[in-house]
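What follows is a single structure, written as structure tokens, with notes after it.
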Amino acid sequence: QVTVEDENTLVIKSSAKRKREGEGCKYIRLERRSPQKLMRRFRLPENANVSAISAKCENGVLRVVVEKHPPPPKPKSFQVAIS
């Protein structure tokens, strides 16, 4: 589960059970030794576009994409002739 709280905190929660290694499942890295709930919080930058966050889980890898708002346009300066 991927959610955004308080408009600047990304929260990732998981409570999936793992298969035993004898069932043909091998791990490169385990987050915890026993099957427990997992929760991580990440503070988002101020220029993050919260409405355009996407998440995809593929082959056991969760990929979360946070897009940025485009920077505001810089004000144009021009010279005024003094007569």
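A short reminder: the numbers here are calculations on the coordinates, not readings from a lab. Only a predicted model underlies this, so the values are computations on that prediction, with no experimental measurement involved. With ideal geometry, Cβ positions are generated from the backbone for all residues, glycine too; neighbour counts draw on all protein chains shown.
Highest-first packing order for the peptide set 64-72, 6-14 is 6-14, 64-72, based on the mean count of other beta carbon atoms within 10 Å.
Under 5 Å between amide hydrogens, built in the peptide plane, is the criterion, and for Ala48 it picks out His69 among residues at least 5 positions away or on other chains. Compared with the alpha-carbon gap, the fully stretched path from Phe78 to Asn49 is longer by 7.2 nm at 0.36 nm per residue.
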